[in-house]
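Notes to accompany the following structure.
The values are calculated or read from the model by the stated rules, or taken from the named source; none is laboratory data. Note that this is a predicted model, so its numbers are computed, not measured. Neighbour counts are summed over all protein chains in view; Cβ atoms, including those assigned to glycine, are modelled from backbone coordinates with ideal geometry.
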Amino acid sequence: MSLRERRSYQPDERSANLPHYARSFAARVHRLLAMGFSRMSSVDYVSAEEEDVTGSFVEAVDAVLDDPTAPPWVRYYAVHEESRVTDPTRKGKGRRRLDIRIDSSESRPRSRFPFEAKRLGPRHPVSEYLGDEGIVRFLDGRYGRRQDLGGMLGYVQAGKSEEWAQKIGVALTEDAQRLLLRPDGSWRREKLTDELDHTYRSRHNRPAVGRPIEIYHTLLAFN
């Protein structure tokens, strides 16, 4: 059964997170990321600012969506850069901006997958990735408040992705209490698509939201 044929799994805005759909949705989103990343010359971004990498990345994913040779299912997807985040305490230009969001219109309501991106390299340590401007934005509900899935993108500009993965995993475990890591959600490798070698998963409580979130971490080599 294709994703589009599945109608009953989307009763509310958290539809993308129901057990029998969540992994398929996450896999397709990450397949889009992989196809977009394959169109980039990664070494051109070894010292680029986060916004520049993200802008080019979104353009590459958007090109996949326009490619007539792409898999038919991509027609139901859309990618957005710096989309405004709905927040009852912030209005208009004061709303926060999410780095990347990928939407699926295969059913209603639409499924949304939010991403926060961080550089990993000189002067951009793991503490930033796991800090208030990184993953914590998901944990306190500033990002992905209406979703149960979210993503962190690590732009690796120095060193090896596996080394950064190990550092993040260790730091996440050592700071499990602050990062609200669930007992069933420890850092582990996750194979969502063959094209991405460094995707990992963690699960976190969100007291401010009232339900947990599953975060997929994907490290992309830009060096």
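Identify the residue in segment 161-179 that is without any contact (Cβ under 8 Å) to a residue 12 or more places away in the chain and not in a helix (DSSP H, G or I) and, among all such residues, is farthest from Tyr129 (Cα to Cα). Even if it seems obvious, please write down each step before you answer.
First, pick out the residues of segment 161-179 that are without any contact (Cβ under 8 Å) to a residue 12 or more places away in the chain: 163, 166, 170, 174, 176-178.
Filter once more, keeping what is not in a helix (DSSP H, G or I): 176-178.
On the way: Ala176: 14, Gln177: 16, Arg178: 14 Å.
In this case the residue turns out to be Gln177.
Residues checked against (1) farther than 15 Å from Glu51 by Cα; (2) touching a helix residue (DSSP H, G or I) at 6+ places or on another chain (Cβ under 6 Å); (3) β-branched (Val, Ile, Thr):
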| residue | (1), (2), (3) |
| --- | --- |
| Glu106 | yes, yes, no |
| Phe115 | no, no, no |
| Arg119 | no, yes, no |
| Pro122 | yes, no, no |
| Glu133 | no, no, no |
| Val136 | yes, no, yes |
| Leu139 | yes, no, no |
| Met152 | no, no, no |
| Ala158 | yes, no, no |
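In the set (1) exposed (fewer than 14 other Cβ atoms within 10 Å of the Cβ); (2) on the phi > 0 side of the Ramachandran plot; (3) not basic (Lys, Arg), Glu163 fails one condition alone, (2). Here's a check for you: in segment 212-223, which residue that is modelled with pLDDT of 95 or more and either charged (D, E, K, R) or not in a strand (DSSP E or B) (or both) is nearest to the chain's Cα centre (by Cα)? That would be Glu214. Looking at segment 204-221, which of its residues are surrounded by fewer than 18 Cβ atoms within 10 Å (Cβ to Cβ) and either among the basic types (Lys, Arg) or within 16 Å of Phe37 (Cβ to Cβ) (or both)? Scanning segment 204-221 gives Arg206, Arg211. Out of segment 40-80, which residues are charged (D, E, K, R) and either assigned to a helix (DSSP H, G or I) or within 24 Å of Ser111 (Cβ to Cβ) (or both)? The answer is Asp44, Glu50, Glu51, Asp52, Glu59, Asp62, Asp66, Asp67, Arg75.
Does Val85 qualify as being modelled with pLDDT of 95 or more, of a type outside the set (Asp, Glu) and surrounded by 16 or more Cβ atoms within 10 Å (Cβ to Cβ)? Answer is no for this residue. If the condition is being of a type in the set (A, V, I, L, M) and either farther than 20 Å from Gly144 by Cα or assigned to a helix (DSSP H, G or I) (or both), then segment 193-211 contributes only Leu196. Looking only at segment 127-159, which residues are within 12 Å of Ile215 (Cα to Cα) and in contact with a Gly (Cβ under 6 Å, 6 or more places away or on another chain)? Phe138, Gly144, Gly150 - these are the residues of segment 127-159 that are within 12 Å of Ile215 (Cα to Cα) and in contact with a Gly (Cβ under 6 Å, 6 or more places away or on another chain).
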